[in-house]
Amino acid sequence: MTTLRELTIDEVTGILSRGTFAELVSAVEHVQFECKGGLYDTKTEKSKVELAKDISALANSSGGYILIGPATKKNPLHQGDEVISVSEFALSAFHSDTYRDILSAFIYPPITDLKIRWHPSSVNPAKGIASIYVPPKSASEKPFLVVKSELDSQIRGHLFGYFERVGDDTLPTTVQVLRDTMKDGKRYGDLERRMESIESLLAKSVSNRLAKQNSLTSERLLQRAADAKIAAQLSDVPSFFLLAAPMEPVRLTGLYSSKSVEYKAISEPPVYRQHGFDLNPHTPVQHVRGEVIRRVTNGRKGLELWQDGTLIFVGRNDVDFLGWAVKQSNGENLYINNYVMTEVVSLFLALTTQIFNGTEKPPEKVRACFGFMRENSQAATYELSDHPVDPVLGSFAGKKVSAENKVFWIEFELKDAIAEVEALKLLKEIYHWFGITDEQIPYVDSTSVPERVNRARYA
(Lines give C-alpha, C1' and ligand atoms only; values in the text may rest on other atoms or scores of the structure.)
Protein backbone atom coordinates (compact mmCIF):
# COMPACT_ATOMS: atom_id res chain seq x y z
CA MET A 1 0.00 0.00 0.00
CA THR A 2 1.35 3.42 -0.97
CA THR A 3 2.08 5.69 1.97
CA LEU A 4 1.07 9.25 1.22
CA ARG A 5 2.70 12.27 2.78
CA GLU A 6 0.81 15.50 3.38
CA LEU A 7 3.42 18.22 3.73
CA THR A 8 2.80 21.12 6.09
CA ILE A 9 3.46 24.70 5.04
CA ASP A 10 6.60 24.75 7.19
CA GLU A 11 7.86 21.53 5.59
CA VAL A 12 7.34 22.93 2.09
CA THR A 13 9.12 26.12 3.09
CA GLY A 14 12.05 24.10 4.40
CA ILE A 15 12.35 22.02 1.25
CA LEU A 16 12.33 25.14 -0.91
CA SER A 17 14.95 26.89 1.21
CA ARG A 18 17.24 23.84 1.09
CA GLY A 19 16.64 23.13 -2.59
CA THR A 20 16.14 19.44 -1.82
CA PHE A 21 13.27 18.98 -4.28
CA ALA A 22 13.49 15.18 -4.31
CA GLU A 23 11.77 15.36 -0.91
CA LEU A 24 8.62 16.50 -2.70
CA VAL A 25 8.20 13.17 -4.49
CA SER A 26 5.27 11.12 -3.09
CA ALA A 27 3.77 14.18 -1.39
CA VAL A 28 0.06 14.55 -2.04
CA GLU A 29 -1.80 17.70 -2.98
CA HIS A 30 -4.19 19.12 -0.40
CA VAL A 31 -6.11 22.30 0.35
CA GLN A 32 -2.90 24.29 0.98
CA PHE A 33 -0.57 22.57 -1.47
CA GLU A 34 -0.88 22.44 -5.26
CA CYS A 35 1.67 21.63 -7.96
CA LYS A 36 2.01 22.52 -11.64
CA GLY A 37 4.28 20.38 -13.77
CA GLY A 38 5.27 23.28 -16.03
CA LEU A 39 5.32 27.05 -16.28
CA TYR A 40 2.12 28.94 -16.98
CA ASP A 41 1.96 30.35 -20.51
CA THR A 42 1.86 33.99 -19.51
CA LYS A 43 1.13 35.12 -23.08
CA THR A 44 -2.29 33.50 -23.50
CA GLU A 45 -5.51 34.75 -21.98
CA LYS A 46 -6.57 31.24 -20.97
CA SER A 47 -3.40 30.63 -18.95
CA LYS A 48 -3.63 34.03 -17.31
CA VAL A 49 -7.12 33.24 -16.11
CA GLU A 50 -5.94 29.78 -14.98
CA LEU A 51 -3.18 31.38 -12.91
CA ALA A 52 -5.61 33.85 -11.35
CA LYS A 53 -8.09 31.07 -10.63
CA ASP A 54 -5.48 28.94 -8.84
CA ILE A 55 -4.14 31.79 -6.70
CA SER A 56 -7.55 33.26 -5.80
CA ALA A 57 -8.77 29.78 -4.81
CA LEU A 58 -5.96 29.52 -2.25
CA ALA A 59 -6.71 33.02 -0.96
CA ASN A 60 -10.42 32.23 -0.60
CA SER A 61 -9.60 29.05 1.34
CA SER A 62 -6.77 28.93 3.85
CA GLY A 63 -3.77 30.09 1.83
CA GLY A 64 -0.80 27.96 0.91
CA TYR A 65 1.68 27.12 -1.85
CA ILE A 66 1.52 26.57 -5.58
CA LEU A 67 4.77 25.00 -6.76
CA ILE A 68 5.77 25.18 -10.41
CA GLY A 69 7.92 22.24 -11.49
CA PRO A 70 6.64 19.19 -9.57
CA ALA A 71 4.49 16.92 -11.77
CA THR A 72 1.60 14.96 -10.25
CA LYS A 73 -0.38 11.85 -11.09
CA LYS A 74 -3.55 10.23 -9.80
CA ASN A 75 -3.16 7.04 -7.79
CA PRO A 76 -6.02 4.55 -8.31
CA LEU A 77 -5.89 3.62 -4.63
CA HIS A 78 -5.97 7.11 -3.15
CA GLN A 79 -7.86 10.33 -3.74
CA GLY A 80 -5.45 13.16 -4.32
CA ASP A 81 -2.71 13.74 -6.86
CA GLU A 82 0.78 12.60 -5.83
CA VAL A 83 4.05 14.24 -6.87
CA ILE A 84 5.87 11.76 -9.10
CA SER A 85 8.74 13.88 -10.44
CA VAL A 86 10.22 17.38 -10.39
CA SER A 87 11.20 19.31 -13.54
CA GLU A 88 13.71 22.06 -12.89
CA PHE A 89 14.29 25.14 -15.06
CA ALA A 90 16.60 28.14 -15.21
CA LEU A 91 15.81 31.40 -13.44
CA SER A 92 15.70 33.15 -16.83
CA ALA A 93 12.60 31.13 -17.76
CA PHE A 94 10.62 32.42 -14.80
CA HIS A 95 9.57 36.06 -14.73
CA SER A 96 8.11 36.78 -11.31
CA ASP A 97 7.15 40.35 -12.22
CA THR A 98 5.03 39.08 -15.10
CA TYR A 99 3.21 36.70 -12.75
CA ARG A 100 2.64 39.50 -10.28
CA ASP A 101 1.30 41.83 -12.97
CA ILE A 102 -1.14 39.18 -14.21
CA LEU A 103 -2.44 38.52 -10.71
CA SER A 104 -2.86 42.24 -10.06
CA ALA A 105 -4.82 42.63 -13.27
CA PHE A 106 -7.06 39.58 -12.91
CA ILE A 107 -7.83 39.38 -9.17
CA TYR A 108 -9.91 41.85 -7.20
CA PRO A 109 -9.21 43.01 -4.60
CA PRO A 110 -5.46 42.60 -5.02
CA ILE A 111 -3.97 39.88 -2.80
CA THR A 112 -1.39 41.44 -0.52
CA ASP A 113 1.85 39.86 0.68
CA LEU A 114 2.15 37.34 -2.15
CA LYS A 115 5.58 35.73 -2.30
CA ILE A 116 6.59 34.76 -5.85
CA ARG A 117 10.06 33.22 -5.98
CA TRP A 118 12.43 30.95 -7.88
CA HIS A 119 14.41 28.47 -5.75
CA PRO A 120 17.75 26.99 -6.86
CA SER A 121 18.39 23.28 -6.56
CA SER A 122 20.96 22.01 -4.08
CA VAL A 123 22.18 19.61 -6.78
CA ASN A 124 22.46 22.11 -9.64
CA PRO A 125 22.08 25.77 -8.55
CA ALA A 126 21.62 26.83 -12.19
CA LYS A 127 18.26 25.03 -12.20
CA GLY A 128 15.35 25.16 -9.79
CA ILE A 129 11.60 25.43 -9.32
CA ALA A 130 9.25 28.32 -8.56
CA SER A 131 6.70 28.91 -5.83
CA ILE A 132 3.82 31.27 -5.19
CA TYR A 133 2.90 31.55 -1.53
CA VAL A 134 -0.49 32.95 -0.56
CA PRO A 135 -0.75 33.90 3.13
CA PRO A 136 -3.98 33.12 4.99
CA LYS A 137 -6.59 35.84 4.64
CA SER A 138 -9.25 36.96 7.08
CA ALA A 139 -12.95 36.79 6.28
CA SER A 140 -13.06 40.58 6.12
CA GLU A 141 -10.58 40.56 3.19
CA LYS A 142 -12.49 37.93 1.19
CA PRO A 143 -13.82 37.14 -1.34
CA PHE A 144 -11.14 37.43 -4.01
CA LEU A 145 -12.70 37.39 -7.46
CA VAL A 146 -11.20 36.57 -10.84
CA VAL A 147 -12.21 39.48 -13.07
CA LYS A 148 -12.02 39.66 -16.85
CA SER A 149 -12.98 42.92 -18.53
CA GLU A 150 -15.19 42.73 -21.61
CA LEU A 151 -15.45 45.75 -23.83
CA ASP A 152 -16.78 46.25 -27.34
CA SER A 153 -18.90 48.79 -29.16
CA GLN A 154 -22.17 47.47 -27.71
CA ILE A 155 -21.40 45.73 -24.43
CA ARG A 156 -19.48 47.20 -21.52
CA GLY A 157 -18.83 45.41 -18.25
CA HIS A 158 -16.88 42.70 -16.48
CA LEU A 159 -17.03 38.94 -16.17
CA PHE A 160 -16.04 37.56 -12.78
CA GLY A 161 -15.82 34.25 -11.00
CA TYR A 162 -15.23 32.95 -7.50
CA PHE A 163 -13.04 29.91 -6.73
CA GLU A 164 -11.86 28.14 -3.60
CA ARG A 165 -9.90 25.00 -2.84
CA VAL A 166 -11.81 22.08 -1.34
CA GLY A 167 -9.58 19.12 -0.56
CA ASP A 168 -7.14 18.98 -3.46
CA ASP A 169 -9.49 20.62 -5.98
CA THR A 170 -10.04 24.17 -7.13
CA LEU A 171 -13.78 24.54 -7.38
CA PRO A 172 -15.97 27.35 -8.73
CA THR A 173 -18.91 28.69 -6.79
CA THR A 174 -22.05 28.31 -8.88
CA VAL A 175 -23.69 31.27 -10.54
CA GLN A 176 -26.85 30.55 -8.49
CA VAL A 177 -24.98 30.94 -5.21
CA LEU A 178 -23.26 34.10 -6.42
CA ARG A 179 -26.55 35.61 -7.52
CA ASP A 180 -28.36 34.73 -4.29
CA THR A 181 -25.51 36.17 -2.25
CA MET A 182 -25.59 39.45 -4.16
CA LYS A 183 -29.38 39.64 -4.19
CA ASP A 184 -29.78 39.02 -0.47
CA GLY A 185 -26.94 41.36 0.47
CA LYS A 186 -25.17 38.70 2.48
CA ARG A 187 -21.74 39.45 3.87
CA TYR A 188 -18.98 37.05 2.91
CA GLY A 189 -18.26 36.27 6.53
CA ASP A 190 -21.73 34.78 6.80
CA LEU A 191 -20.79 32.12 4.28
CA GLU A 192 -18.03 30.81 6.52
CA ARG A 193 -19.72 31.14 9.87
CA ARG A 194 -21.13 27.98 11.41
CA MET A 195 -24.19 28.73 13.52
CA GLU A 196 -27.46 27.26 14.62
CA SER A 197 -30.02 27.78 11.84
CA ILE A 198 -33.21 29.67 12.38
CA GLU A 199 -34.76 26.82 10.42
CA SER A 200 -34.58 24.77 13.59
CA LEU A 201 -37.62 26.76 14.72
CA LEU A 202 -39.33 25.93 11.47
CA ALA A 203 -38.40 22.28 11.93
CA LYS A 204 -40.30 22.18 15.20
CA SER A 205 -43.41 23.66 13.64
CA VAL A 206 -43.48 21.15 10.81
CA SER A 207 -42.48 18.06 12.78
CA ASN A 208 -46.07 16.98 13.34
CA ARG A 209 -46.83 17.36 9.65
CA LEU A 210 -43.79 15.28 8.73
CA ALA A 211 -44.81 12.53 11.14
CA LYS A 212 -48.20 12.26 9.43
CA GLN A 213 -46.81 12.01 5.90
CA ASN A 214 -47.06 8.83 3.91
CA SER A 215 -44.50 6.11 4.47
CA LEU A 216 -41.18 6.28 2.64
CA THR A 217 -42.01 4.34 -0.50
CA SER A 218 -39.25 3.26 -2.86
CA GLU A 219 -40.53 5.67 -5.49
CA ARG A 220 -40.42 8.57 -3.06
CA LEU A 221 -36.92 7.71 -1.91
CA LEU A 222 -35.61 7.42 -5.46
CA GLN A 223 -37.12 10.78 -6.31
CA ARG A 224 -35.21 12.29 -3.40
CA ALA A 225 -32.02 10.73 -4.75
CA ALA A 226 -32.74 12.31 -8.14
CA ASP A 227 -33.33 15.68 -6.46
CA ALA A 228 -30.09 15.30 -4.51
CA LYS A 229 -28.29 14.78 -7.80
CA ILE A 230 -29.70 18.08 -9.08
CA ALA A 231 -28.76 19.87 -5.85
CA ALA A 232 -25.15 18.68 -6.26
CA GLN A 233 -25.14 19.84 -9.89
CA LEU A 234 -24.59 16.35 -11.26
CA SER A 235 -27.36 16.47 -13.86
CA ASP A 236 -25.02 16.63 -16.83
CA VAL A 237 -22.56 13.92 -15.77
CA PRO A 238 -22.82 10.17 -15.10
CA SER A 239 -23.56 9.69 -11.41
CA PHE A 240 -24.43 7.18 -8.71
CA PHE A 241 -26.16 7.34 -5.36
CA LEU A 242 -26.35 5.53 -2.04
CA LEU A 243 -29.53 5.73 0.01
CA ALA A 244 -30.68 4.43 3.38
CA ALA A 245 -33.98 4.77 5.21
CA PRO A 246 -35.69 3.23 8.24
CA MET A 247 -38.37 0.59 7.66
CA GLU A 248 -40.60 2.29 10.24
CA PRO A 249 -41.43 5.95 10.93
CA VAL A 250 -38.77 7.91 12.81
CA ARG A 251 -38.13 11.57 13.46
CA LEU A 252 -34.62 12.87 14.01
CA THR A 253 -35.04 15.44 16.76
CA GLY A 254 -31.46 16.73 16.69
CA LEU A 255 -31.18 17.51 13.02
CA TYR A 256 -30.48 21.21 13.63
CA SER A 257 -28.41 20.94 16.78
CA SER A 258 -24.68 20.99 16.15
CA LYS A 259 -24.22 18.83 19.26
CA SER A 260 -26.52 16.02 18.12
CA VAL A 261 -25.34 12.63 16.88
CA GLU A 262 -26.90 13.06 13.45
CA TYR A 263 -25.56 16.58 12.88
CA LYS A 264 -22.05 15.57 13.92
CA ALA A 265 -22.23 12.49 11.69
CA ILE A 266 -23.07 14.59 8.64
CA SER A 267 -20.45 17.20 9.57
CA GLU A 268 -17.70 14.57 9.95
CA PRO A 269 -18.64 11.30 8.24
CA PRO A 270 -16.56 8.20 9.10
CA VAL A 271 -13.34 7.55 7.17
CA TYR A 272 -10.99 4.61 6.80
CA ARG A 273 -7.82 6.55 6.00
CA GLN A 274 -6.33 9.86 4.98
CA HIS A 275 -6.92 10.76 1.33
CA GLY A 276 -9.35 7.91 0.94
CA PHE A 277 -12.54 8.02 -1.11
CA ASP A 278 -14.75 9.37 1.64
CA LEU A 279 -18.28 10.73 1.84
CA ASN A 280 -17.24 14.16 3.10
CA PRO A 281 -18.02 17.04 0.70
CA HIS A 282 -15.71 19.26 2.84
CA THR A 283 -18.25 22.08 2.70
CA PRO A 284 -20.53 23.74 5.30
CA VAL A 285 -23.87 22.29 6.32
CA GLN A 286 -26.88 23.83 4.59
CA HIS A 287 -30.36 23.84 6.13
CA VAL A 288 -33.16 23.21 3.63
CA ARG A 289 -36.89 23.77 4.20
CA GLY A 290 -36.70 22.89 7.87
CA GLU A 291 -36.49 19.17 7.10
CA VAL A 292 -33.10 18.48 5.51
CA ILE A 293 -29.44 19.18 6.25
CA ARG A 294 -27.23 19.03 3.16
CA ARG A 295 -23.59 19.38 2.17
CA VAL A 296 -22.46 19.50 -1.45
CA THR A 297 -19.31 19.96 -3.45
CA ASN A 298 -20.89 21.21 -6.65
CA GLY A 299 -20.21 18.90 -9.56
CA ARG A 300 -18.49 16.27 -7.40
CA LYS A 301 -20.56 14.85 -4.52
CA GLY A 302 -23.31 15.57 -2.03
CA LEU A 303 -24.58 14.26 1.30
CA GLU A 304 -27.95 14.92 2.90
CA LEU A 305 -30.06 13.74 5.83
CA TRP A 306 -33.81 14.19 6.20
CA GLN A 307 -35.72 14.57 9.42
CA ASP A 308 -37.63 11.35 8.61
CA GLY A 309 -34.32 9.45 8.50
CA THR A 310 -33.62 9.38 4.75
CA LEU A 311 -29.84 9.43 4.19
CA ILE A 312 -28.50 10.07 0.68
CA PHE A 313 -25.05 10.31 -0.88
CA VAL A 314 -24.55 11.23 -4.55
CA GLY A 315 -21.33 11.33 -6.55
CA ARG A 316 -19.83 11.25 -10.01
CA ASN A 317 -19.64 7.94 -11.84
CA ASP A 318 -16.61 8.79 -13.96
CA VAL A 319 -12.86 9.39 -13.70
CA ASP A 320 -13.42 12.19 -11.18
CA PHE A 321 -14.76 9.82 -8.52
CA LEU A 322 -16.17 6.30 -8.93
CA GLY A 323 -13.92 5.66 -11.94
CA TRP A 324 -10.94 7.38 -10.32
CA ALA A 325 -7.58 7.26 -12.15
CA VAL A 326 -8.95 5.07 -14.95
CA LYS A 327 -7.99 6.00 -18.50
CA GLN A 328 -11.02 6.17 -20.76
CA SER A 329 -10.53 6.68 -24.47
CA ASN A 330 -14.10 7.77 -25.05
CA GLY A 331 -17.37 8.40 -23.27
CA GLU A 332 -18.99 5.14 -24.37
CA ASN A 333 -17.60 3.03 -21.52
CA LEU A 334 -17.69 3.93 -17.84
CA TYR A 335 -15.11 1.88 -15.95
CA ILE A 336 -15.83 1.54 -12.23
CA ASN A 337 -12.85 1.48 -9.89
CA ASN A 338 -13.87 -1.42 -7.62
CA TYR A 339 -11.50 -0.27 -4.89
CA VAL A 340 -13.27 3.09 -4.74
CA MET A 341 -16.73 1.53 -4.89
CA THR A 342 -15.99 -0.86 -2.02
CA GLU A 343 -14.69 1.90 0.23
CA VAL A 344 -17.56 4.29 -0.48
CA VAL A 345 -20.27 1.67 0.02
CA SER A 346 -18.67 0.51 3.29
CA LEU A 347 -18.36 4.04 4.63
CA PHE A 348 -21.97 4.78 3.73
CA LEU A 349 -23.19 1.76 5.69
CA ALA A 350 -20.96 2.84 8.58
CA LEU A 351 -22.57 6.28 8.48
CA THR A 352 -26.03 4.71 8.29
CA THR A 353 -25.56 2.55 11.39
CA GLN A 354 -23.91 5.42 13.26
CA ILE A 355 -26.84 7.76 12.67
CA PHE A 356 -29.67 5.34 13.39
CA ASN A 357 -28.03 3.78 16.43
CA GLY A 358 -27.62 7.28 17.84
CA THR A 359 -31.32 8.17 17.71
CA GLU A 360 -33.55 8.17 20.78
CA LYS A 361 -35.53 5.21 19.44
CA PRO A 362 -33.51 3.33 16.79
CA PRO A 363 -35.55 1.59 14.09
CA GLU A 364 -35.53 -2.18 14.05
CA LYS A 365 -34.86 -2.54 10.34
CA VAL A 366 -33.17 -0.41 7.70
CA ARG A 367 -33.09 -0.65 3.93
CA ALA A 368 -30.28 0.64 1.78
CA CYS A 369 -29.59 0.84 -1.91
CA PHE A 370 -26.96 1.68 -4.51
CA GLY A 371 -28.01 3.14 -7.83
CA PHE A 372 -26.57 4.22 -11.18
CA MET A 373 -28.10 7.29 -12.82
CA ARG A 374 -27.45 7.57 -16.54
CA GLU A 375 -29.47 10.65 -17.55
CA ASN A 376 -27.76 12.89 -20.11
CA SER A 377 -24.88 10.43 -20.43
CA GLN A 378 -23.74 9.01 -23.75
CA ALA A 379 -22.18 5.98 -22.08
CA ALA A 380 -23.21 2.68 -23.64
CA THR A 381 -21.71 0.34 -21.03
CA TYR A 382 -20.55 0.10 -17.43
CA GLU A 383 -17.44 -2.02 -16.77
CA LEU A 384 -16.44 -3.62 -13.47
CA SER A 385 -13.47 -5.90 -12.78
CA ASP A 386 -13.23 -8.78 -10.33
CA HIS A 387 -9.48 -8.17 -9.91
CA PRO A 388 -7.99 -5.91 -7.22
CA VAL A 389 -6.64 -2.64 -8.58
CA ASP A 390 -2.88 -2.66 -8.99
CA PRO A 391 -1.26 0.42 -7.36
CA VAL A 392 1.19 0.78 -10.26
CA LEU A 393 -0.57 -0.61 -13.29
CA GLY A 394 -4.01 0.65 -12.32
CA SER A 395 -7.22 -1.13 -13.27
CA PHE A 396 -7.85 -4.39 -15.08
CA ALA A 397 -10.34 -5.09 -17.83
CA GLY A 398 -13.66 -6.20 -16.44
CA LYS A 399 -17.12 -7.35 -17.41
CA LYS A 400 -19.50 -5.01 -19.16
CA VAL A 401 -23.23 -4.42 -18.88
CA SER A 402 -25.47 -2.03 -20.74
CA ALA A 403 -25.45 1.42 -19.13
CA GLU A 404 -28.84 2.18 -17.62
CA ASN A 405 -30.53 3.48 -14.51
CA LYS A 406 -30.21 0.59 -12.08
CA VAL A 407 -30.92 0.22 -8.36
CA PHE A 408 -29.81 -2.51 -5.92
CA TRP A 409 -31.64 -2.92 -2.57
CA ILE A 410 -30.88 -4.71 0.70
CA GLU A 411 -32.61 -4.81 4.10
CA PHE A 412 -31.03 -5.56 7.46
CA GLU A 413 -31.68 -5.62 11.20
CA LEU A 414 -30.08 -2.57 12.78
CA LYS A 415 -29.33 -4.19 16.14
CA ASP A 416 -25.80 -5.60 16.12
CA ALA A 417 -25.41 -4.70 12.42
CA ILE A 418 -21.79 -4.55 11.21
CA ALA A 419 -21.24 -1.97 8.49
CA GLU A 420 -18.71 -4.05 6.52
CA VAL A 421 -21.00 -7.08 6.57
CA GLU A 422 -24.00 -5.14 5.25
CA ALA A 423 -21.78 -3.36 2.73
CA LEU A 424 -20.66 -6.70 1.30
CA LYS A 425 -24.29 -7.77 0.91
CA LEU A 426 -24.98 -4.65 -1.15
CA LEU A 427 -21.77 -5.02 -3.16
CA LYS A 428 -22.71 -8.61 -4.00
CA GLU A 429 -25.91 -7.37 -5.61
CA ILE A 430 -23.87 -5.05 -7.83
CA TYR A 431 -21.27 -7.67 -8.76
CA HIS A 432 -23.97 -10.24 -9.56
CA TRP A 433 -25.47 -7.83 -12.09
CA PHE A 434 -22.12 -7.89 -13.90
CA GLY A 435 -22.06 -11.70 -13.83
CA ILE A 436 -19.39 -11.87 -11.14
CA THR A 437 -19.81 -14.60 -8.51
CA ASP A 438 -19.30 -14.29 -4.76
CA GLU A 439 -15.98 -16.13 -4.93
CA GLN A 440 -14.62 -13.62 -7.45
CA ILE A 441 -15.42 -10.44 -5.52
CA PRO A 442 -12.22 -8.65 -4.37
CA TYR A 443 -11.49 -6.97 -1.02
CA VAL A 444 -13.42 -9.57 1.01
CA ASP A 445 -12.38 -10.98 4.37
CA SER A 446 -13.63 -14.54 3.97
CA THR A 447 -12.05 -15.68 7.23
CA SER A 448 -14.48 -13.60 9.29
CA VAL A 449 -17.87 -14.95 10.34
CA PRO A 450 -19.92 -13.58 8.75
CA GLU A 451 -17.67 -12.54 5.88
CA ARG A 452 -17.29 -8.84 5.26
CA VAL A 453 -15.39 -6.12 3.42
CA ASN A 454 -11.72 -6.38 4.33
CA ARG A 455 -10.91 -3.09 6.07
CA ALA A 456 -7.24 -4.07 6.26
CA ARG A 457 -7.01 -3.32 2.52
CA TYR A 458 -7.68 0.34 3.35
CA ALA A 459 -5.20 0.77 6.18
Volume in Å³ per residue [convex hull over Cα atoms, computed for region 299-409]: 123
Cα centroid separation - region 82-121 against region 382-451, whole Å: 46
Charge tally in the Cβ shell below 11 Å around LYS400, where Lys, Arg are +1 and Asp, Glu are -1, LYS400 excluded: -1
Carbon/sulfur fraction of accessible area - region 1-126, other protein chains in place, 1.4 Å, %: 52
Calculated from backbone phi, Karplus (6.51, -1.76, 1.60) coupling profile of region 379-392 in Hz, x at Gly/Pro: 4, 9, 9, 9, 9, 9, 9, 9, 9, x, 6, 7, x, 9
Phi to ³J(HN,Hα) by Karplus 6.51 cos²θ - 1.76 cosθ + 1.60 over region 418-426, Hz, x for Gly, Pro: 10, 4, 5, 6, 5, 4, 5, 4, 5
Two-decimal ratio, region 8-152, of alpha-carbon radius of gyration to 2.2 N^0.38 Å: 1.05
Karplus-derived 3J(HN,Hα), 6.51/-1.76/1.60, for each residue of region 289-295, Hz, glycine and proline x: 6, x, 9, 9, 10, 9, 9
Centroid-to-centroid separation of region 272-330 and region 13-28 [C-alpha atoms, Å]: 33
Accessible surface, region 337-446, averaged per residue in Å² (probe 1.4 Å): 42
For region 344-459, the spread of Cα positions along each principal axis, largest first, Å: 45, 36, 23
Solvent-accessible area, 1.4 Å probe, carbon plus sulfur percent, for region 354-459: 47
Accessible area of region 270-342 belonging to carbon and sulfur atoms, whole % at 1.4 Å probe: 47
Sequence-distant residues sharing a close amide H with ASP445 (under 5 Å, placed H): ARG452, VAL453, ASN454
Whole-number accessible area per residue in Å² for region 234-322, which is evaluated in the context of all protein chains at 1.4 Å: 30
Amide H within-cut-off set for LYS399, under 5 Å, with H built and near neighbours excluded: LEU384, SER385, ASP386
Amide H contacts under 5 Å for THR72, placed H, 5+ residues apart: GLY37, ILE84
Violating pairs (Cα-Cα greater than 21 angstrom) within the set LYS264/LYS428; LYS36/LYS115; LYS74/LYS137; LYS229/LYS361: LYS264/LYS428; LYS74/LYS137; LYS229/LYS361
Sorted peptide list for 421-434, 336-349, 128-141, 392-405, criterion being average Cβ within 10 angstrom, highest first: 336-349, 421-434, 128-141, 392-405
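The values are calculated or read from the model by the stated rules, or taken from the named source; none is laboratory data. Remember, predicted model here, so these are calculated numbers, not experimental data. Methodologically, a virtual Cβ is constructed for each residue, glycine included, from the backbone with ideal geometry; neighbour enumeration extends over all protein chains shown. Please note that ligands, DNA and RNA were not included when accessible areas were found on the heavy atoms of the full protein model with its side chains. Shrake-Rupley method; radii C 1.70, N 1.55, O 1.52, S 1.80 Å.
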